[in-house]
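What follows is a short report on a single structure.
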Amino acid sequence: MKKVFLISFILISFLSFGQENCNNGIDDDGDGKIDLNDEDCKCSVSPQTSLINNHDFELKNDCPSTFAQFYKVENWFLPSTATSDYINSCGFIPASATDAGVYPFPARNGNGVAGILISQDYKEFIAACTNTTLKGGTKYQVNFDIAASTSGRDAFNNLPLGQVCNSGKLNGGKVDITIYGRANCNKTIPVNSNKFPPDWIILGKATYLPSKKWGQLTIEFTPPFDMNSIMLGAPKELSDSYVNEYDYQLCYPYFYIDNVLLNKSSDLGLSITSTGSFCENNLVLNAQIDASLGSGYTYQWYKDGIAIVGETNSTLSIAFASANIGNYQVKITNATSCKISPLYNVSEIIDVPEYSIDQSACFPGITTLTITTPADEYSFDGGITYSSNPTKSGLTASFNPISISIKKNGCYSNLRNVILTYPPLETITTLPKVTIKQPTCDQNNGSLTVTTPALEYSFDDGVTWGTNPVLENLPPDPHHDYKIRIKTKLGCISNAYYAVIYPFLLPMPTVTQTNASCGIGGTISVTSSPSYQYSIDNGINWSTDPVFKNLKANSYGVIIKNEKGCISQQKVVYIGTDYTKKPEVTSTQPTCGILGSITITTSASQYSFDDGMSWTNNNTMNNLKSGWYTVKVKDDAGCISLSESVFIRSYILETELNYTFENANCYNNGSIKITTNAKEYSIDNGETWCSNPLFSNLPAGDYFIKVRSMVNCESIAKYVPLRDISTSTPDYTIKNAGCNSFGSITITTPADYYSFNNGLTWSENNTISNLSGILNFTLLVRNGTSCFSQPGSITFNSTILTNPTVNHHHVSICDELNNNLETVNLSSYACHLINNYSNYTFHYFVSQSDAEDLVLTNEINNFTNYEVSNNTTIFAAVISPENCYSVAEIKFSLLKPPTFNLIPDSVILCENETVLVDAGNTFDSYLWSTGATTSSIVINEPGNYSLTATSKYGDQICTSTKNFNVILSNRATILKIVTQDFTENNNIIEVDVSGKGLYEYSLDGISYQNDPVFQNLSSGIYTVYVRDKNNCGTITGEVFLLMYPKFFTPNGDGFNDTWNVDLSSLEPEMEISIFDRYGQLIKKLNHSNSWDGTFNGQNLPADDYWFIVKRQNGKEFKSHFSLKR
C-alpha cells in the first residue's frame, strides 16, 4: 500500500511541474516564469509575422554611433528631412533613455529600437515599404511598442547628445501617434520637409500619453486604395501642448518605437479600449474583438503577464491604487482560436494641464499665468515645487519656457511648456512729442507742451502725474533736465523725453580775423549787425568798438550785447602765429668713410641746424654723425621760420664676422682671433681699436667684436663669450625624447674630453644618446690630464613615446546611384582605425605623403561630406594626446547595387492579355509591389509598379528600387475611312481610329507612317493597315477611290462603247445622273449599268455631257465628260 502511495505522489508531482497553468498566477512548471511570461502560454495560432520586414529593428547595416543614423537599420527609411534615430545597444544608447528606464530594453524589445523627436515645426517619422500590397477596402491593424523620455542637446557640443534634461521629467502631453500610407514605395527624401513630408495619406491614429514605461498602441485602419508603404509618427497637426523646436530650449519630447506588427485585422483583431480614468478611480478596460474573429470566446485578464484570478469577463474595472499600476492584457480563446491583446499601460500619469494668461499690453508684458485644469497642487517651475495656488504672476517672455504641471488624486502630469511673447517694444519706446517754448529777450521764462494725446503726463520722470499736458513759467537752467513721460491710451508708461530750458542768447556773432606774425599783433573784427557792446573775453570787459587789434596768439571768447542787455552765444576765435614757412633742404647720407651732410637751399640771413640754439651764415653742415637735426632759417628782420627735421642714419659695414677663439683654462688665459679682413679690429664694441686681429691673454668674460675699414665704416657687433672651464660648469643642449625617437645631451663647451657621470668615464664624444625617462647626469669637461671644469648636475626628463597603433580599414558601401560616387562621413570610420578612438584626433588626406608629413594645409576639410569612388584610398593621420601620430588607410570599395536594365520605365500591356516583366536572375532577393518575391511577374492590369531587389556581398546588402508604369494598349478600331477621289492622281484617304495605343498607318502593310492621311493617290482599290506601335495588333480596312472616263466612243468597235464611273460596282447605293448641256436629264445609272450614248433609242450627238454622283455617305460629285462620234 505504501508503494502505491509513493508512486502516486511521484506521478502527481511530475504532472504538477510538467505543464504551466496559464490562468492561476502560479509558476506551475517551476521555470521561474508565470502565465503569459512563460512561452508555454503563448497562443500557437496567433500570427507572428508582420507585413513589414524587420518590424523589430534588429537587422542593421551597421551599429549606430550617434543620433541621425536611421539609415543604418535595414528595410526602414527616412520619409522627410527631419532625421529620425536608430538606437541599438551595439553602439548607441542616449543617456536620457537609461535615466528614464527605457533602457535596458525589455526582453521583447531585443537590441534595436527607433527614436523620434516631436515638436510643432520639426517632426521626425519612420517609414517602411510593406512586403505585400495593403489592399484598398481591407481592414488592417498595427500594434507597436512605445515609450518616452526627454532628450537633451547642447548648443556648444560640450556634452554628448541625448543627455538627461528637465531632471528627467517628461515634457509632452497627449499626442495622436498616426499611421500614414502611400501607393508607391518611393524612398526619395523631399526637400524642406522638416514639418511634414508631402503625399502621405492619414490612415489611422491612437492617442498616447507619454510614459517612461514601455507600453503598446493599437491602430485599426482601412486603406482607401492599394498602398505599398507606411509612415509612423506625429499627427500632421499637433495639439498646442507641444511647442516649436526652439522653444523647448534644447530639451525635447522624445519617443521610442519598436515591434511594429502590421497585419490584417482578421489575423490580429484583438485590442483593449478603455473608458474612465485610473486617477479618477473609474477606469474600465474593454476587450475589443474584430467582427471577423467570430464569437464564443472566453476571457482571462492579466497584469504584467500574470493572470488576475477570477477576471474572466470582457471588461475589467481597475481601482486607483499604486499596486494596480502596470501593463494589462487579455487573452481570448474558443474552440478554434486563441488571441492575446497588446499591452495596455496603466500609470499614475495624467494629461498636461490647460492654462490661461492675462498679459499687460505694455512691454515687457507682465503676465499672470493661471492653470485652469482643476487639481490638488500646481507647479510653475518644472515640478521642482508645488503649491495649492493655480496662479503665477509677474512673468514675462524672459522666463520662457515656463514648465507647468499638476498633481491630482495622487497622480501627476508631465510638464507642459508655456511660451509667452513680448508685446511690441514700441508700446514704451515711442517718445512723446513735445513742443518746447524757450525764453526770449523779452520773456525770461519758457514752457513745455506735450502734444501726444495720453491719459496722464509727468515732467519729473514719473514721480508725479497729472492730466495737464502743459508746464509753464519755467526759469532757464541749462543744467536741469525735464524728463517727460506719458501714460498712453493702453496704460503704458513711455520712455522719457529729455527737455532743457536754456537762457536766451542772441545768435553767435560773425567775425573776421588775422593772425599775429613776426612783430605784428593779430586782429578780430565783429561783423554782425551793429550792437550795443562787444567783448572778446566772454563778457569780462566790454567795448563799443567792434575791432580789436594787436592781439597775441591765443583763444578769445567773442560775445555781443544789444541795447536790452541780452547777450549772444559765444564765438571762440583762435589767433595763431604766421611763421615763415619751413626751409627747403637736401641731405647726403653717409657712405663708408664719409659722414653725412645737410644743405639748406632756402636763401636766408642765417641758418641753424640745432633748432635755433646756434646760428651760422653757412647753409651747409658737413661731417654729421648719425641722428636727428632740426633746421631753421632767420630773415633780415629776425623772423624765424618753422623747423624742418632731417635724419642722418648710421652707415653699417655689411660683412660677416668670422673668428676663432680659445677659452681660458687652468694653464692659460684665452684668445680671440678675428679672421674677417679689415683695417681695424675691436673686442669691446668699438670702444678701442687695434690693427692686430689677434687678441691674446684674455681672461674669461663677455666680448663684443667689431671690424672697420675706415672712419664711419664699422660692422655691427657680435657676441663672443670666453669661459674658464676650471671655474664654470659645462654648457650643454638637451634634445628631448619624442615620438618614436630617443633623446640626447650634447656638451657645447669645447674641451679635450667629456664626461656625463662626474668623471667616472671619459670620452672624446661630446654627446650621449638613446635617452628616455627621468635620468640624472653630472657633466664635466677636461683639457689635458688635470684641467677640469666645475661639475654641472642636470636632469633629463622626457620619455620616448610610441606612435599610435592603427589598423587599416576596408569599407564596402553600396553605390546607390550606380555612378561610382558616394558621399561619406570619413569620421564615422574612426572607430575602426584605433581602439578608444575618442581619445585621438584625426586628419584626413588624399596623399600618403601629406598624411605622413602632417601637411594640414592639404587636409580634407569637408570630411563629413566627402565623395569617394571605387578603390579610393584615404589616409588618416591619427594623433594621440601626446601629439604622436601614425597613418592609417581607409580604402573604399563601391558595391554595385541592383540595376534594372531589363525593365523599361514603361511596360506595354496589350488589352485582354498579360505581360511578363523579368528582372533577370542575378539578384539575391526580389520584392515586387504586388508582394511577389520571384525574379519575374506576370501582370494583367495597368498601373504603377515597383521592384525592390537586393544584392548581397557577404554581410553587406545593397538595395535598389525600380519604379515602372504598366500602360494598357490595344489594337485600333477603325471608325471610318474618309476619301477624296475623282481626280487623276491627287486622291486622298484619311483614316479615323479609336483605341488606347499609339498607331501607325500603311497602304501596303510594309511601309508605315504616323500620319493617318494619304495623299496624291491614284484611283483604285486600297487596303488600309493600322498597326499598334506597341505590337498589340494590326487591323485592316478596304477602300476604293473612284474616277470617271473623260470621254467615250459608242461606235460598236468594242472599245469605250459605254460610259460609267470606274469601280461604281463596289458601291451599290451609288446613283449617277447624266444631263445634256441644257440641263435635261438624259440617263440615270446605278452601280451595275452603263450609258451607251442614246436617248429614247436615238443616238445623241457628240458633245459634252454633265453628271452628278450621289454616294451612300450623302456626298455629291459633279463634273462632265465628252461623247465622241
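The values are calculated or read from the model by the stated rules, or taken from the named source; none is laboratory data. Quick caveat: nothing in here was measured; it's all calculated off a predicted structure. Quick reminder, even Gly has a Cβ in these numbers, built from the backbone with ideal geometry, and neighbours come from all protein chains shown.
List of remarks:
- Subset of the stretch 85-123 [surrounded by fewer than 22 Cβ atoms within 10 Å (Cβ to Cβ) and of a type in the set (Asp, Glu)]: Asp99, Asp121
Here's the yes/no breakdown for (1) among the acidic types (Asp, Glu); (2) within 30 Å of Asn623 (Cα to Cα); (3) not in a strand (DSSP E or B):
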| residue | (1), (2), (3) |
| --- | --- |
| Lys673 | no, no, no |
| Asn697 | no, no, no |
| Val707 | no, yes, no |
| Ile734 | no, no, no |
| Leu760 | no, no, yes |
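- Residue ranges of strands (runs of 3 or more DSSP E) in the stretch 1004-1085 with at least 1 members in contact with a Pro (Cβ under 9 Å, 6 or more places away or on another chain): 1020-1028
- For the condition surrounded by fewer than 20 Cβ atoms within 10 Å (Cβ to Cβ), within 30 Å of Asn259 (Cα to Cα) and either within 35 Å of the chain's Cα centre (by Cα) or of a type outside the set (Val, Ile, Thr) (or both), Ser398 does not qualify.
- Qualifying position, being among the hydroxyl-bearing types (Ser, Thr, Tyr), free of Cβ contacts under 8 Å to residues at least 60 places away in the same chain, assigned to a loop (DSSP other than H, G, I, E, B) and closer than 30 Å to Ala319 by Cα, among Ser277, Ser295: Ser295
Okay, residues lined up against (1) under 26 Å from Asn712 (Cα atoms); (2) in contact (Cβ under 8 Å) with a residue 12 or more places away in the chain; (3) in a loop (DSSP other than H, G, I, E, B); (4) not assigned by TED's automatic domain parsing to the domain that holds Lys706:
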site: Ser597; (1), (2), (3), (4): yes, yes, no, yes
site: Thr602; (1), (2), (3), (4): no, yes, yes, yes
site: Ser614; (1), (2), (3), (4): yes, no, yes, yes
site: Thr630; (1), (2), (3), (4): yes, yes, no, yes
site: Glu654; (1), (2), (3), (4): yes, yes, yes, yes
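- Scope the stretch 667-682; condition among the hydrophobic types (A, V, I, L, M, F, W, C) and under 12 Å from Ser715 (Cα atoms); matching residues: Ala678
- Any hit, the stretch 800-820, residues being assigned to a strand (DSSP E or B) and farther than 30 Å from Val887 by Cβ: no
- Taken over the stretch 777-798, the criterion of being surrounded by 11 or more Cβ atoms within 10 Å (Cβ to Cβ), part of a strand (DSSP E or B) and touching a strand residue (DSSP E or B) at 6+ places or on another chain (Cβ under 6 Å) is satisfied by Phe777, Thr778, Leu779, Leu780, Val781, Arg782, Phe788, Gly792, Ile794, Phe796, Asn797, Ser798.
- Test result for Ile560, hydrophobic (A, V, I, L, M, F, W, C), touching a Ser or Thr at 6+ places or on another chain (Cβ under 7 Å) and surrounded by 15 or more Cβ atoms within 10 Å (Cβ to Cβ): yes
- If the condition is being farther than 30 Å from Lys60 by Cβ, part of a strand (DSSP E or B) and charged (D, E, K, R), then the stretch 898-955 contributes only Asp918.
- Annotation: Leu1081 fulfils all but one of (1) over 22 Å from Lys1118 (Cα atoms); (2) surrounded by fewer than 13 Cβ atoms within 10 Å (Cβ to Cβ); (3) hydrophobic (A, V, I, L, M, F, W, C); the unmet one is (1).
- Within the stretch 239-262, the residues that satisfy the criterion of being more than 24 Å from Asp99 (Cα to Cα) and surrounded by fewer than 19 Cβ atoms within 10 Å (Cβ to Cβ) are Ser239, Asp240, Asn244.
- Among residues of the stretch 1-42, those that are surrounded by 10 or more Cβ atoms within 10 Å (Cβ to Cβ), in a loop (DSSP other than H, G, I, E, B) and either among the hydroxyl-bearing types (Ser, Thr, Tyr) or modelled with pLDDT under 50 (or both), counted: 1
- Test result for Thr729, without any contact (Cβ under 8 Å) to a residue 40 or more places away in the chain, among the β-branched types (Val, Ile, Thr) and either closer than 30 Å to Glu654 by Cβ or part of a loop (DSSP other than H, G, I, E, B) (or both): no
- 2 or more residues within 55 Å of the chain's Cα centre (by Cα), buried (at least 18 other Cβ atoms within 10 Å of the Cβ) and hydroxyl-bearing (Ser, Thr, Tyr): qualifying strands (runs of 3 or more DSSP E) within the stretch 418-500: 456-458
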